[in-house]
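So the structure is just underneath, and the comments pick up after that.
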Amino acid sequence: MRILMVTSEATPFAKTGGLADVLGALPQALAKLGEEVAVVLPRYASMDGLTVPRRIWRDMPLTLGRYSFLAGIDEVRHGGVRYLFVDIPALYNRPGIYGDRTGSYADNHIRFGVLNQAALAIARNIFRPDVFHGHDWQAGLLGPYLHEMFKGDPTFFGAKFLLSIHNLGYQGNFAASVMPDIGLDPNLFHSEGLEFWGEVSFLKAGIVWADAITTVSPTYAREIQTPEFGFGLDGLLRPRVAKISGILNGVDYGEWNPETDPHLPARYSAQNLAGKRISKLALLQELGLPLDRERPLIGVISRFAGQKGFDLLPTIAAELMELDFALVVLGNGEAPIEEMFLSLADQNPQKVAVRIGYDNALAHCIEGAADMFLMPSRYEPCGLNQMYSLRYGTVPIVRATGGLEDSVDESTGFKFGPYTPEALLECVIEALAAFRDLPTWRERMRRGMAKDFSWDVAAAGYQKLYKSL
Ligand code: ADP
Ligand code: GLC
């Protein structure tokens with residue numbers, strides 16, 4: 001089959017979160033299974049791994065409402081996959097992917113609307129797919145473009161649209177006034193179409209016109225159909241239950257494997273954990289924390305967003321700080337969360353070290369060094385770090401939701417249910433107590449390290465779904 005994916009992020013080219021990890025690995029896993037896969041994404045100002053792109057198309061005309069653009073298409077072949085970059089400097093040649101320090105770019109509806117038009121033009125001229133596979137709101141307009149704007153166009157005859165929802169909390173909602181800018185019939189602006197609380201919603205458009213919908217874990221597929229996790233879209237999703245399925249993301253073990261990880265000061269395996277102790281001491285030293293190898297070290301690596309559950313911490317901070325452990329935090333995002341962690345480190349310099357920023361090498365070192373990994377998410381569509389942690393023998397402490405529920409069990413980690421500070425505190429206390437029994441702890445680590453979340457399994461799931469379409 002020929003699959004054309006549309007995304008705003010993919011490693012190693014552009015990344016703000018787990019979406020990029022998925023688009024860096026799933027297409028290749030599908031290629032290994034024999035499918036032909038191309039991935040369409042914007043050519044941003046700075047992109048890693050894009051040193052020698054080949055320009056394969058010049059001046060591809062694209063229109064979006066009253067706007068017209070000429071796009072260059074650049075190609076990089078990577079792991080048997082064609083990555084196709086849409087080069088429109090006026091739209092994408094900016095420092096950020098979605099915005100800058102002052103917020104989201106005001107023309108994101110145009111930037112990602114055009115991306116979807118580019119994908120259709122690529123389908124016409126370069127890579128004609130059986131299935132368009134769009135990721136998140138940024139690819140939502142593929143639905144109405146394919147099934148309304150180009151309805152009856154023989155080029156796209158029989159082509160299906162699969163929407164993967166990586167996070168229902170990000171919907172791409174814009175003022176109703178953008179309607180003329182995205183080139184769709186104004187009659188589609190109604191409650192069974194693009195309209196959502198008086199605005200234009202790209203994600204809703206994707207859901208309404210999708211031939212199938214996936215989320216990135218089975219539990220999240222069920223959760224999004226409830227008011228608690230539905231972000232106002234649960235009522236739209238429930239009647240579509242037959243179209244919705246959940247496929248747990250995989251892990252790129254080429255990238256995340258303590259036996260080969262070049263970022264670690266020493267490598268290790270389930271059979272020989274000496275390198276993990278070395279990694280722990282090296283990190284404690286680097287962070288200026290006491291070199292106490294017996295004291296449990298808890299790691300956090302995260303985008304700082306409401307979703308991630310850190311608002312549970314302030315009320316229990318005092319009690320937590322009386323417990324015997326060290327905490328290392330790497331992350332960035334919403335200012336109040338950054339400030340909360342920085343002041344915790346300020347007040348507890350012997351216990352807490354915080355690094356604000358995005359640092360892939362440090363993320364690897366934390367996975368290698370920490371004894372436990374904390375992810376108290378309010379909701380988590382899949383989550384990748386808990387799966388990386390399992391492979392690194394870094395026992396996850398997680399809230400039982402979404403992909404955390406599906407990838408961590410009582411034999412490999414610690415889970416709490418209610419979204420309350422008390423439940424989190426109790427869970428941390430339980431994990432710290434368990435850590436004192438070293439032989440049992442090691443068994444727990446080894447069970448986690450033996451878990452296999454490789455992409456082959458997930459890719460086979462997508463392959464089956466494409467076939468069924
Ligand atoms: P989300 O996509 O919601 O942010 P995931 O757990 O799916 O959550 O994926 C997060 C990815 O981003 C992981 O690969 C993680 O290691 C990485 N990451 C998040 N924050 C940082 C950071 N500050 N520095 C380095 N890597 C980070
Ligand atoms: C989103 C979700 C995260 C998921 C990632 C990749 O960013 O927040 O849980 O792992 O997408 O699917």
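Pairs of alpha-carbon atoms within less than 8 angstrom and 6+ residues apart define the contacts here; what relative contact order does the range 274-452 have, in percent?
22 percent
Quick one: net charge of residue 63's neighbours, Cβ under 14 Å, K/R +1, D/E -1?
Combined, the nearby Lys, Arg, Asp and Glu give 0.
Among DSSP bridges having both ends in the chain, what percentage is antiparallel? Round to the nearest 5.
Once the DSSP bridges in the chain are tallied, antiparallel ones form about 30 percent.
What value in Å³ per residue do you get for the convex hull of the alpha-carbon atoms in the range 207-258?
It is 104 Å³ per residue.
Which semi-axis lengths, in whole Å and largest first, follow from the square roots of five times the eigenvalues of the Cα gyration tensor of the chain?
40, 23, 21
All other residues with a Cβ under 10 Å from the Cβ of residue 257 taken together, and with Lys, Arg as +1 and Asp, Glu as -1, what is their net charge?
Residues near residue 257 contribute -2 overall.
Using Cα pairs closer than 8 Å and at least 6 residues apart in sequence, work out the relative contact order for the range 401-469, in percent.
Over the range 401-469, the number comes to 26 percent.
Using unit Cβ charges (K, R positive; D, E negative) and no other charged atoms, how large, in debye to the nearest 20, is the dipole of the range 274-452 about its Cα centre?
640 debye
Of the heavy-atom accessible surface of the chain (probe 1.4 angstrom), what whole percent is carbon and sulfur?
In the chain, the share of accessible area belonging to carbon and sulfur is 52 percent.
Can you find, among 209, 350, 57, the residue farthest towards the positive end of the dipole of the chain? Put +1 on the C-beta of Lys and Arg, -1 on that of Asp and Glu.
Selected residue: 57.
When ligands, DNA and RNA are left out and all protein chains stay put, how many square angstrom of accessible area per residue does the chain have with a 1.4 Å probe?
Per residue, the chain has an accessible area of 40 Å².
With viscosity set to 1.567 mPa s at 4 °C, what whole-number translational diffusion coefficient in µm²/s follows for the range 1-117 from Stokes-Einstein and a Kirkwood radius over Cα pairs?
The estimated diffusion coefficient comes to 88 µm²/s.
Quick one, what does Rg over Rh come out to for the range 242-297 if you take C-alpha atoms and the Kirkwood Rh?
1.21
When the helices in the chain are scored as -39500 (n - 2.57) per DSSP H run of 4 or longer and the sum is shared across all residues, what 222 nm value do you end up with, to the nearest 500 deg cm²/dmol?
Taking each H run of at least 4 residues, the total per residue is -9500 deg cm²/dmol.
Any idea what the dipole of the chain comes to, in debye rounded to 20, about its Cα centre with Lys/Arg Cβ at +1 and Asp/Glu Cβ at -1?
1240 debye
Looking at the P(r) of the range 274-452, how many percent of alpha-carbon pairs lie beyond 30 Å?
Summing the P(r) of the range 274-452 above 30 Å gives 8 percent of all pairs.
So how much slack lies between residue 192 and residue 228, counting 0.36 nm per residue of separation and subtracting their Cα-Cα distance, in nm?
Between residue 192 and residue 228, full extension yields an extra 10.8 nm.
Are there trypsin sites (Lys or Arg not before Pro) in the range 132-211 that DSSP marks as loop and that have at most 15 other Cβ atoms within 10 Å, and which are they?
151
Put +1 on the Cβ of each Lys and Arg and -1 on the Cβ of each Asp and Glu in the chain; which of 290, 138, 167 then has its Cα farthest toward the positive end of the dipole?
Result: 138.
Return the sequence-ordered ³J(HN,Hα) values of the range 254-269 in whole Hz as given by the Karplus equation 6.51 cos²θ - 1.76 cosθ + 1.60 applied to θ = phi - 60°, using x for Gly and Pro.
x, 9, 10, 8, x, 6, 10, 4, x, 7, 7, x, 8, 8, 7, 9
Could you calculate the FRET efficiency of residue 285 with residue 56 from 1/(1 + (r/R0)^6), where r is the beta carbon distance between them and R0 is 51 Å, rounded to 0.05?
0.55
Of all DSSP beta bridges located in the range 274-452, what percent are antiparallel, nearest 5?
Of the beta bridges lying entirely in the range 274-452, close to 0 percent run antiparallel.
Could you check the spin-label model distance between residue 48 and residue 452? Points 7 Å from the Cα along Cα→Cβ, value in nm.
2.8 nm
Working out 0.36 nm times the residue gap between residue 303 and residue 100, then minus their Cα-Cα distance, what length gain in nm do you get to one decimal?
That works out to 71.5 nm of additional length.
What full-extension length gain, to one decimal in nm, is calculated for residue 437 and residue 63 as 0.36 nm per residue of separation minus the Cα-Cα distance?
128.2 nm
Along the charge dipole of the chain, which of 264, 115, 98 sits closest to the positive end, that is, farthest toward it, with unit charges on the beta carbon of Lys, Arg, Asp and Glu (+1, +1, -1, -1)?
The residue sitting farthest along the positive end of the dipole is 115.
Under 20 Å between alpha carbons: how many lysine pairs meet that in the range 274-452, if sequence neighbours fewer than 8 apart on the same chain are excluded?
Lysine pairs meeting both conditions in the range 274-452 amount to 5.
Counting only C-alpha contacts under 8 Å and six or more residues apart, can you give the relative contact order of the chain as a whole percent?
Relative contact order here is 13 percent.
Using 13 Å as the cut-off for backbone N distance, which residues of the range 94-131 belong to the label zone defined by a point 7 Å from the Cα of residue 16 along Cα→Cβ?
95-109, 112
Please list the non-local residues whose amide H lies under 5 Å from the amide H of residue 309, H modeled 1.01 Å from N, same-chain partners needing a gap of 5 or more.
So residue 309 has HN proximity to 378.
The values are calculated or read from the model by the stated rules, or taken from the named source; none is laboratory data. All figures in this text were calculated on a predicted structure; none of them were measured in a lab. We place every Cβ from the backbone using ideal geometry, glycine too, and count neighbours over all the protein chains shown. Only protein heavy atoms, including side chains, enter the accessible area calculation; ligands, DNA and RNA are left aside. Shrake-Rupley method; radii C 1.70, N 1.55, O 1.52, S 1.80 Å.
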